[in-house]
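What follows is calculated from the coordinates using simple rules that are stated; it is not laboratory data. Just so we're clear, the structure is a prediction, and the values are computed from it rather than from any experiment. Note that each Cβ is placed from the backbone with ideal geometry, even for glycine, and that neighbours are counted across all protein chains shown.
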Amino acid sequence: MKKKSGARKGGAQAARKPLIGKLVIFGVGLIGGSFALALKEQRAVARVVGVGRSRANLLTARRLGIIDEIAADAATAVRDADVVLLAVPLAQNAAVLAQIAPHLGPQTIVTDAGSTKLDIIAQARRYLGAQFGRFVPAHPIAGTEKSGAKAAFAALFRDHELIVTPVRETDPQAVKKVAAAWRLAGMRVNKMDAAAHDRMFALVSHLPHVVAYALVGQVAGYKDAQTLLAHTGGGFRDTTRIAGSSPEMWRDICLSNRDALLQALDDYLAEFERLRGLLAANDGAALEQRFAAARDARARWLKRK
Ligand code: NAD
């Protein structure tokens, strides 16, 4: 009785042809795994094949029902794929693209979930050749500081934003399909220029990660670090939460977005210098003014969210 409408809905969903027949995921971690789970929950994919670096992680992914199969080899896996998702640490992308390029089917769409966009566009242009038009650069703005298949969950992307950064050659039909998949995962989709994307995320994501790593690194470097850390409160914990993120992933993001991040760091250092100058000058009024302006900007931002 109570399950009736749900069962009807499930029946209708089961009868519908899935959006994606075969999905191949390179890197079945937090992002790749959550994408698979979200699409499975929506019955939007018929078969998910995982390709990975760690056999143990792939076995976990299969046991958790994230993937249906572990690929015997990457070339065979992509041959009849409808969609290939790259969700590996950024430094791995070039090698994966070079490896799969000769084996992609004529209709296969390749997309990615990477945190930077200019770099992957250049790599895809270089390695995919004539198939570059079916490469859809995308970045889901959702995540946690956890990694690996066991961190994946279907609701990760719900009510978050996906940014796609297609270029002149990108096939609009391929963009449409990739956007439809992420919408089914719960995301709203926006288009942006890749350079604008990289500058924006240098400021609002990559810089904060560097700051969090630096803050923990500084405090942990003192001789009495154990005592210091034993007395931390919510402030230190909250500001450094993202220093729990994968060092490999963040190394790659920093290097991949080097120019924009260097500019963001220069601007941050200038802001620090300003605050330091006010403190050195004992200018409490100006210090309070800058803190109040930042607090108000933060309140306005959270209100708009
Ligand atoms: P993760 O560490 O959870 O997963 C990455 C997976 O890739 C791991 O399982 C690893 O074994 C596998 N892998 C590494 N090298 C490989 C290779 N050569 N071939 C196949 N598999 C390989 O990381 P994640 O958080 O899922 O991040 C994946 C991508 O998503 C990154 O490019 C990152 O920039 C992007 N991203 C991450 C977040 C986030 O908050 N975590 C948010 C948005 C985008």
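Across segment 146-166, which residue is farthest from ASP112 (Cα to Cα) among those that are in contact (Cβ under 8 Å) with a residue 40 or more places away in the chain and in contact with a Pro (Cβ under 7 Å, 6 or more places away or on another chain)?
PHE157
What are the residues in segment 82-96 that are in a strand (DSSP E or B) and under 26 Å from GLU145 (Cα atoms), if any?
Correct list: VAL84, LEU85, LEU86.
Filter segment 258-286 down to residues that are under 15 Å from LEU203 (Cα atoms) and acidic (Asp, Glu), then give me how many there are.
4
Which count do you get for residues in segment 88-119 that are surrounded by fewer than 22 Cβ atoms within 10 Å (Cβ to Cβ) and closer than 18 Å to LEU39 by Cβ?
1
If you take just the helices (runs of 4 or more DSSP H) that sit entirely in segment 97-210, which of them hold at least 3 residues that are under 19 Å from VAL24 (Cα atoms) and either touching a helix residue (DSSP H, G or I) at 6+ places or on another chain (Cβ under 8 Å) or within 15 Å of the ligand (Cβ to nearest atom) (or both)?
Here the list reads 118-128, 172-184.
Would you mind stating whether ILE31 is within 16 Å of the ligand (Cβ to nearest atom) and under 19 Å from PRO140 (Cα atoms)?
The answer is yes for ILE31.
On the basis of being under 28 Å from VAL28 (Cβ atoms) and without any contact (Cβ under 8 Å) to a residue 40 or more places away in the chain, does PRO247 make the cut?
Yes.
Out of all the residues in segment 12-28, which are in contact (Cβ under 8 Å) with a residue 40 or more places away in the chain and either more than 15 Å from the ligand (Cβ to nearest atom) or touching a strand residue (DSSP E or B) at 6+ places or on another chain (Cβ under 6 Å) (or both)?
Of everything in segment 12-28, those that are in contact (Cβ under 8 Å) with a residue 40 or more places away in the chain and either more than 15 Å from the ligand (Cβ to nearest atom) or touching a strand residue (DSSP E or B) at 6+ places or on another chain (Cβ under 6 Å) (or both) turn out to be LEU19, ILE20, GLY21, LYS22, LEU23, VAL24, ILE25, PHE26, VAL28.
How many residues does segment 120-157 contain that are basic (Lys, Arg), surrounded by fewer than 23 Cβ atoms within 10 Å (Cβ to Cβ) and within 23 Å of ALA36 (Cβ to Cβ)?
Qualifying residue count for the region: 2.
Within segment 50-73, take every residue that is in contact with a strand residue (DSSP E or B) (Cβ under 6 Å, 6 or more places away or on another chain) and surrounded by 23 or more Cβ atoms within 10 Å (Cβ to Cβ) and give me the one that is nearest to ARG183 (Cα to Cα).
If we take residues in segment 50-73 being in contact with a strand residue (DSSP E or B) (Cβ under 6 Å, 6 or more places away or on another chain) and surrounded by 23 or more Cβ atoms within 10 Å (Cβ to Cβ), then ILE67 is nearest to ARG183 (Cα to Cα).
I'd like to check something: does segment 64-81 contain any residue that is assigned to a strand (DSSP E or B), touching a residue at least 60 places away in the same chain (Cβ under 8 Å), at negative phi and more than 9 Å from the ligand (Cβ to nearest atom)?
Taking every residue of segment 64-81 in turn, none turns out to be assigned to a strand (DSSP E or B), touching a residue at least 60 places away in the same chain (Cβ under 8 Å), at negative phi and more than 9 Å from the ligand (Cβ to nearest atom).
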